[in-house]
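Here the structure is laid out as structure tokens; the discussion comes afterwards.
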Amino acid sequence: MKLLKISFFITIISMFLNNCKQKETSTVSGPVTALDIKNHIAVLANDSLTGRMPFTEGENKTINYIAGQFKQLGLEPGNHGSYFQEVPMVQVTSFPSNITVSGKASFTFKPTDDFSASTQQELDSVQLNNSPLVFAGYGIVAPEYNWNDYKNLDVKGKTVIVLVNDPGFKSGNSKLFKGDTMTYYGRWTYKYEEAARQGAAGVLVIHQTEPASYPFTVVNGNGHAKLYLQQADKHLSRCKVEGWLSESAATKILSAAGISGDIRAIARKADFKAVDLKQTISLTLHNKLKYSTSHNVIAVLKGSTTPDECILYSAHWDHLGIGKADAKGDSIYNGAIDNADGVASVLGVAKAFAGLSSNIKRSVVFLMVTAEEQGLLGSEYYATHPIYPVNKTVANLNMDALGSYGETNDFAITGKGQNDLDDYVEKWVKPLGKKVTGDKNPGAGSYYRSDHFNFAKVGIPALDINNGQESTLHGAVWGKKQQDDYTANNYHQPSDNFTEAMNTDGMAQVANLLFNIGHELANSTVFPGWKKGSEFKAIREKSLAK
Ligand SMILES: [Zn+2]
């Protein structure tokens, strides 16, 4: 029954594609066409896919469409005869009690007003019961920066309070970590991971708007369902409680221990030592658990000389499903730009490789991952359950939410300066008379916020790139306005829709650039590396030595 439905669906789509022939734009050089990309977006962002939410009928339609395209291109299934990789997940919804802090003074803090707390532990409830509180500065252990906030500190069973971002941010010292550019040590996800490695029972990040780059309302996750990958240990190696304290709640706790003033400056000092706050915290979380399986979609074009080495293209297929309706009554989050256009562009690249007249030396893998919007989970699953060995994966080339405002004279590398793939971009872009730029807002840590990051985390040099702001036809002011309009009015809104007027030339431009880079690497023996100072360099070197 299911199969029948799917083949019917695919027939409809091919009919649609055939009726959709339009004049092909000739402004983009390279084998990937803007028209192909446009046609794929029209399908992927159609209401019938109901916003491409994992675990829904929308998932079935989406992954079968992608697999059908791979098959049509003659690409082999990427997972031992299958185009799919199962991704088992658990959904945890935590409902916190009030927090009570006891010591010289005592405080009661309310969920949402004062804090946000959740757990990854797959238990009906978790509890901090008079757990001693420790202020552990930035909560960072970074040998390459000679930094260790946990030095000579035993936090087993205790709850650590830590600062967001890293010591370099707004320090005025560009040599301290990466100055205003956030390293991975600055992300809250890192703070949680490190606290767990140290054996802490709880970890609470102090929310400050500027170093976090978003307001406290954004971190409020109380009672919100959160998805995680299923783990054999049911996440019992994680802290019992992970969360955020509002700045005012944190100030009360720290003041009671005699710490006041600029806490970022205090914790930045070379002789800073973690402080036992002589207070304890109590908090209970009641949890609802739900288990489900979603899917990554994967295909491979085998290399002729060194097929065990591969170039890995990626894009996330999922989006937000059906949710709150907007003013126009639209409740389907179609995510035409985020990230139907990335999937469409990888499909375009896949077609370009499939159409090559000569063999490539290394293999090329096309991976469309699930649950990016839920915390980069599909890519995390692949990176931790790789089908092609991590130390033979030469590079990851990722596309997420490419611009729909046409060709640009510049390309923006997310987290520019991380690895040698930047040099490949320069090399291919320069002869076109175009420019390469970095993040608009490097302090926001964008490099750690899309799927490429999970590949970086296991050491694979990863590149995420997008169109810049300087529109070829309309200039930089207009280009910036298009970007700002998207962020303000369409990003994660039901209005992120496909329209016939959508300009896919810029997407084709990025796709062709990444095709050229991937093609060059596929016929090379070089392994691009991480640049000096990158937090991923040591991980790669260790993995290559195996
Ligand atoms: Zn998104």
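Of all residues in segment 384-403 being among the small types (Gly, Ala, Ser) and crowded, with 24+ Cβ neighbours inside 10 Å, which is nearest to the ligand (Cβ to nearest atom)?
Looking only at segment 384-403, we keep the residues that are among the small types (Gly, Ala, Ser), and these are 395, 401, 403.
Narrowing the set further to residues that are crowded, with 24+ Cβ neighbours inside 10 Å leaves 395, 403.
Working: Ala395: 23, Gly403: 14 Å.
Here the residue is Gly403.
Looking at segment 315-345, which of its residues are of a type in the set (A, V, I, L, M), in contact (Cβ under 8 Å) with a residue 60 or more places away in the chain and away from the ligand (no atom under 16 Å from the Cβ)? Walk me through how you get there before you give the answer.
Kept after step one, since they are of a type in the set (A, V, I, L, M), are these residues of segment 315-345: 315, 320, 322, 325, 327, 332, 336-337, 340, 343-344.
This time we only want the ones that are in contact (Cβ under 8 Å) with a residue 60 or more places away in the chain, so: 315, 320, 322, 325, 332, 336-337, 340, 343-344.
Listed by number, the list holds a single entry, Ala325.
Of the residues Lys252, Lys273, only one is among the charged types (D, E, K, R), outside any loop (DSSP other than H, G, I, E, B) and over 28 Å from the mean Cα position of the chain (by Cα); which? Step through it out loud before you land on a result.
On the way: Lys273 fails: outside any loop (DSSP other than H, G, I, E, B).
Going through Lys252, Lys273 in turn, the sole match is Lys252.
Could you count how many residues in segment 308-323 are assigned to a strand (DSSP E or B) and modelled with pLDDT of 95 or more?
Residues of segment 308-323 assigned to a strand (DSSP E or B): 308-316, 321-322.
Filter again for modelled with pLDDT of 95 or more, leaving 308-316.
Qualifying residue count, segment 308-323: 9.
Does segment 345-361 include one or more residues that are more than 20 Å from Asn516 (Cβ to Cβ) and in the same structural domain as Asp47 (by TED's automatic domain parsing)? Talk me through it step by step, then tell me what you get.
Looking only at segment 345-361, we keep the residues that are more than 20 Å from Asn516 (Cβ to Cβ), and these are none.
Looking for residues that are more than 20 Å from Asn516 (Cβ to Cβ) and in the same structural domain as Asp47 (by TED's automatic domain parsing), one finds none in segment 345-361, hence no.
Yes/no matrix, rows are residues, columns are (1) of a type in the set (A, V, I, L, M); (2) modelled with pLDDT of 95 or more:
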| site | (1), (2) |
| --- | --- |
| Tyr145 | no, no |
| Ala195 | yes, yes |
| Leu204 | yes, yes |
| His207 | no, yes |
| Glu210 | no, no |
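Of these, Gly406, Gly375, Gly355, which one is small (Gly, Ala, Ser), within 30 Å of Arg52 (Cβ to Cβ), within 16 Å of the ligand (Cβ to nearest atom) and touching a residue at least 12 places away in the same chain (Cβ under 8 Å)?
Numbers: Gly406 fails: within 16 Å of the ligand (Cβ to nearest atom); Gly355 fails: within 16 Å of the ligand (Cβ to nearest atom).
So the residue among Gly406, Gly375, Gly355 that is small (Gly, Ala, Ser), within 30 Å of Arg52 (Cβ to Cβ), within 16 Å of the ligand (Cβ to nearest atom) and touching a residue at least 12 places away in the same chain (Cβ under 8 Å) is Gly375.
All but one of (1) under 20 Å from Phe366 (Cβ atoms); (2) within 13 Å of the ligand (Cβ to nearest atom) hold for Cys310; which doesn't?
Status for Cys310: all satisfied but (2).
Is it the case, given these coordinates, that Asp308 is buried (at least 24 other Cβ atoms within 10 Å of the Cβ) and of a type in the set (D, E, K, R)? First the steps, then the outcome.
Details: buried (at least 24 other Cβ atoms within 10 Å of the Cβ): no; of a type in the set (D, E, K, R): yes.
Judged against the criteria, Asp308 is not a match.
With the condition being on the phi > 0 side of the Ramachandran plot, I'd like the helices (runs of 4 or more DSSP H) fully within segment 421-533 carrying at least 2 qualifying residues. Break it down into steps so the answer makes sense when it comes.
Numbers: elements: 421-429, 452-457, 475-485, 505-522.
Filter on segment 421-533 gives an empty set.
The conditions are (1) closer than 23 Å to Asp36 by Cβ; (2) buried (at least 20 other Cβ atoms within 10 Å of the Cβ); (3) among the hydrophobic types (A, V, I, L, M, F, W, C), and Leu356 fails exactly one of them. Which is it?
Of everything listed in (1) closer than 23 Å to Asp36 by Cβ; (2) buried (at least 20 other Cβ atoms within 10 Å of the Cβ); (3) among the hydrophobic types (A, V, I, L, M, F, W, C), Leu356 misses just condition (2).
Hey, any hits in segment 465-480 for a residue that's within 16 Å of the ligand (Cβ to nearest atom) and either over 30 Å from Tyr382 (Cβ atoms) or not assigned by TED's automatic domain parsing to the domain that holds Asn419 (or both)?
No.
The values are calculated or read from the model by the stated rules, or taken from the named source; none is laboratory data. Note that the structure is predicted; figures quoted are calculated from it, not measured. Ideal geometry is used to build each Cβ from the backbone, glycine not excepted, and the neighbour counts take in all protein chains shown.
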